[in-house]
Structures are given as structure tokens and as C-alpha cells.
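S.K.: Sending over a structure as C-alpha cells; questions will come in a sec.
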Amino acid sequence: MRSGSERISVLDIFKIGIGPSSSHTMGPWKAGLTFIAELKKKNVLTEITSIRVALYGSLAKTGKGHGTDMAVILGLSGYDPETIDLGLINEVVEKVKTNCTIHLGVIHELEFNPAKDIVFHSDKCLSFHPNGILFEAITNRGLNFAYTFYSVGGGFIVCDELELSKQFNYHFPYPIDSAEDLNRWAQSSNKSVSHIVMENELSLRTEKELKHELKGIWKVMADCMFKGCHSEGMLPGGLNVQRRARAMNINMLPGDESADFSEWLKLIKSKSFTFPEILKWVSCFAIAVNEENASFGRVVTAPTNGAAGVIPAVLMYYLCFVDGAKEEDILKFLLVAGEMGSIFKKGSTISGAMGGCQAEIGVSSAMAAAALSEVLGGKPENVIMAAEIAMEHHLGLTCDPVGGLVQVPCIERNSMGSIKAITAAYLALEGNPASAKVSLDSVIKTMWDTAQDMNSKYKETSDGGLAINIPVNLADC
């Protein structure tokens, strides 16, 4: 949220974790892990006799639907969202709720009743950010440890008592805080956007390490799409939303018996599809990811969980339906998309609770548009223009999840954001950036101004918009 001159790696933007929300699930989960780590550092973890957790603002209003209480339990229990066995999630949470005990950091057992010890303050909001969470622990010697965290979007957290921002004190050869900075470096060095971002990343890790990490990011995205397109049933939460991606996949690919993503990709590429069918595929890819996200599946925050389907869908569009597409371009695509996400985070926000859905679907669409423009051969100015066009037409988009769940309208919005990204990329490639009336930096500033002016009921609180106009029994959600 207008974090200025932070140096953010693409691997900070892309995080592997669990759905349904980066702000409301991954952030609190990470905060719980950080709190436990601090107690360990102070050598008091095994002395803790009680813990209370207080959720404020948007975390309280939509925390139940977003699984915030589950994330808190899992974080305090010491499980890593990137590596936890998905089959353990419900088991661990239900055991804590049933036994009213928790194993802090896996090693220290104490009484903990989530119904009483996780408090939802839906009528209170902390001043720094709408997503506030307070952890309080007391030792057997009467010592009190209290830490206030804020989940600021995309799985990023800050803490009143800890200087977590030090993790972003990187020293890049090409420091970038704005689109203007990026364009200036590109023009002066005569390098592509992906090349510039690559050199920044190589100041942090070896090329082998970077490629390994990015391939891992893409594998999670790809596996998530594949699983979503081959799973059926009802999404959890009480809205009774039926999965659709599998039916779409079967309709366009009758007889699909692919064993894994690689086989599925080859099968799709071996067929010929009409323009309307390609549009359906893009929607199918995006919806598949976000149905997995809504089911507490493993996704990649891009830049948020609620918008996790856009980038994989657009990248899949490129791999399946663009002549001459090369698999090595996956790394370029992710590098450019990640850098664009970083620019938006520094110049505005990637938090739905701070900026509405323009900060989630809007940013993801801009990231994907820029990345697609790059792999289609766009010059740096075209790449930047693509991001501007995509975001310009998401300005003011509200975040109004029905029942506090990342399902309606969130899942379909990923489909729409993907189509807009593809359109923006092609418009930018046909356009003349020198004559453009709107710059990316001006759009980012406008996005921030809009976020400041937007009524809080349209910022992931479920207090306005579709969330109050769609008949639903909230008690079931």
C-alpha cells in the first residue's frame, strides 16, 4: 500500500499457498507462523499458558467465509502453507476445535478454544489497515507478549512490533519504483523488460536457482488448472456453487483421459478450435484455478488468491493457441508479470480490503497483459501500455463477495480479467505508445485515489454490492 522504494522480487509477488484468500487466509496464516517464531526466538514458547487472537475490520467481517480462523489455527500449529498436505487441513483444524487444545509450533500443547479464543471484532477497525490481527500470549511467569499484524494484500504482512520490511532491502542493478523507471532503464540499456527483471533477480540468486523457483511456480499453477478441470462437485461454504470447469473441459475435449497436465496440454494443442471455443478455454482455465482456490486448494498468489486464475489462464492461452509459442517463454512471462505486480504494490495496493477488486482482478489483468505483450514480441513501451490498458478498464471495480466467500462474483471475474488482459495486450501491440493519452503511472495513481474515495462497504466487507443484493442465508456460510 504505497510502500515507496521497497525492492520486491518476483518471488515475493508469486507465493505458493492455500486458498481462498491471500489477505484473509495466507496473511493471517503467515502472521501466526511469525508470532510463533518470535516466541521461539525469545525462548518462551514452552512457557505459554494461554493465547488469544483478535481479528479486526475486513478480517472480522469476512473472516469466516475466507477461512481466517482456520488459517490462524494452522499458523499457530506450525504448518507451512506451501508444503502442508492438503488432506491434513480439515483434520488439524477439527482436532483443535473438538479437543480445545493446540500444539503451538507442533511442540507445545495448551488449552485453546477457537470459539472463545479467536474473537471477531466486526465493529472495530485498526487505523493502519482494514486487515488487522492481534496475537496475545501469556507465560506461566505472567509475562505478556502481544503483536499486531496487518495483512496488506497478496500474502504480505507487516507488524507494529517487528521490522518485517527489512526483508525487502535488496540492492538491484535496476531499481524500479514506477513504470517510468522501468521504461527509462529499458530505453537506456536497450534491453527487454524480462531481461531487466532477470538481471535484478540474478543479483539475489543464481540463474539456476531462479529458473528452478519459477518453474516451481508454473508447476503449481499448471497442476491447479489441471486439477480444477478434472474435479466435480459443490464448492464448500454454503452457497451451493457447482463447479463448472470440468464440464467445460469435457464439452470441448470429449473423451479426455489425461493423466497429468503435460498430457492434457498436448491434447489441447493437438486440436483445432474456433475463436468462440478459444474464449471458452480461457474462461475454463481461469475458472478451474479459482474453483480450486475456493476449495482450500493449493494455488499461486498472483498477485492475490482471489485473482489467482488470470495469469495462468493467459499464459495457458499463449502456450495452447499462439503459433510459435515456446515453453522457455514461461519464465519471461512470469518475470514481467511479477515486476508489474511489484509496481502496482508500491504505487497503490494489491489488497481488496484497501482498494476493492480493482486491486486484485485489475492488477492481475494488468500483470498478465504486460507479460503476454512481452512474449508476443512487444517492445518495453508496448508492454507497459498493455498493463495500462488492462487496468484502465478495471478502475473502480468493487470487492463484494457474497457470503464472505471467494466464489460469487470472484470466480467469474477471473475469467473476465483474463479476456481483458488478452485484449489489452493485442491493443497495445497495435498501438503507438508515444501518442498514448494515459500513462501506466497515471492509472496507478488514479487507482489509489479511487481506493481512497471508495466506500468501505465495497472493500471486501460483504456490506455492500452483490453481497447484500443476492438472497443467501448467511448463517449457512
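Values quoted throughout were computed directly from the atomic coordinates according to the rules given, and no laboratory measurement underlies them. These numbers were taken from a predicted model, which means no experiment stands behind them. Reconstructed Cβ throughout: ideal geometry from the backbone, glycine too, with neighbour counts over all protein chains shown.
S.K.: Rounded to whole Å, give me the distance from the Cα center of region 263-296 to that of region 108-180.
M.R.: Cα centroid to Cα centroid, the span is 37 Å.
S.K.: While we're on this one: Would you mind calculating the gained length between residue 127 and residue 466 on full extension (0.36 nm times residue separation, minus the Cα-Cα distance), in nm to one decimal?
M.R.: Here the answer is 119.4 nm.
S.K.: If you line up the long axis of helix 329-347 against the longest principal axis of the chain, both from Cα atoms, how many degrees apart are they, to the nearest 10?
M.R.: 60 degrees
S.K.: Counting trypsin sites (Lys or Arg not before Pro) as exposed when in a DSSP loop with at most 15 other beta carbons within 10 Å, what is the longest stretch of the chain free of them?
M.R.: 327-436
S.K.: On to the next question. How much length, in nm to one decimal, is gained on full extension between residue 426 and residue 231, taken as 0.36 nm per residue of separation minus their Cα-Cα distance?
M.R.: 67.0 nm
S.K.: As I understand it, the value is the acute angle between the Cα axis of helix 207-228 and the longest principal axis of the Cα atoms of the chain; what does it come to in degrees, rounded to 10?
M.R.: Tilt relative to the chain: about 80 degrees.
S.K.: If I take every Cα pair under 8 Å that is 6 or more residues apart in region 21-167, average their sequence separation and divide by the length, what percent do I get for the relative contact order?
M.R.: Once normalised by length, the contact order is 35 percent.
S.K.: Right, next: Just name one of 195, 74, 108: the one whose Cα is farthest towards the positive end of the charge dipole of the chain (beta-carbon charges, Lys/Arg +1, Asp/Glu -1).
M.R.: 108
S.K.: Let me ask something else about it. What share of Cα pairs, in percent, lie more than 36 angstrom apart in region 179-476?
M.R.: 14 percent
S.K.: Would you mind getting me the FRET efficiency between residue 275 and residue 97? Use the beta-carbon distance for r and R0 = 51 Å, nearest 0.05.
M.R.: 0.55
S.K.: Let me ask something additional. Can you give the helix-only mean residue ellipticity at 222 nm for the chain, where every DSSP H stretch with n ≥ 4 adds -39500 (n - 2.57) and the sum goes over all residues, rounded to the nearest 500 deg cm²/dmol?
M.R.: My calculation for the chain gives -14500 deg cm²/dmol from helical runs alone.
S.K.: Could you derive backbone 3J(HN,Hα) for region 405-417 from the dihedral phi with the Karplus parameters 6.51, -1.76 and 1.60 (θ = phi - 60°), listing whole Hz in sequence and x where the residue is Gly or Pro?
M.R.: 9, 8, 9, 10, x, 4, 5, 5, 4, 5, 4, 5, x
S.K.: Tell me, what is the percent relative contact order of the chain, built from C-alpha pairs under 8 Å that lie six or more residues apart?
M.R.: About 20 percent, as a whole number.
S.K.: Relative to the present Cα-Cα distance, how much length would full extension add between residue 263 and residue 189 at 0.36 nm per residue of separation?
M.R.: This chain segment gains 22.6 nm when fully extended.
S.K.: Given charges of +1 on the Cβ of Lys and Arg and -1 on the Cβ of Asp and Glu, with all other atoms neutral, how large is the dipole of the chain about its Cα centre, in debye to the nearest 20?
M.R.: 120 debye
S.K.: I've got another one for you. For region 21-167, report the translational diffusion coefficient in µm²/s to the nearest whole number, using Stokes-Einstein at 25 °C, 0.890 mPa s, and a Kirkwood Rh over Cα pairs.
M.R.: 164 µm²/s
S.K.: OK, next. Antiparallel DSSP bridges in the chain: what percent, to the nearest 5?
M.R.: The antiparallel fraction comes to roughly 85 percent.
S.K.: Under the Karplus relation 6.51 cos²θ - 1.76 cosθ + 1.60, θ = phi - 60°, what is the ordered set of whole-Hz ³J(HN,Hα) values for region 103-110, x standing for Gly and Pro?
M.R.: Each residue of region 103-110 in turn: 9, 4, x, 6, 10, 10, 8, 8 Hz.
S.K.: With just the Cα atoms defining each centre, how far is region 406-446 from region 188-226? Give it in Å.
M.R.: About 22 Å separates the Cα centre of region 406-446 from the one of region 188-226.
S.K.: Related question: Tell me the label-point distance for the pair residue 455, residue 90, using the 7 Å Cα-to-Cβ offset, in nm and rounded to one decimal.
M.R.: 3.8 nm
S.K.: Continuing with this model, one more query. Quick one: which residues, 5 or more positions from residue 118 or on another chain, have an amide H under 5 Å from its amide H? H modelled 1.01 Å from N in the peptide plane, none for Pro or chain starts.
M.R.: 53
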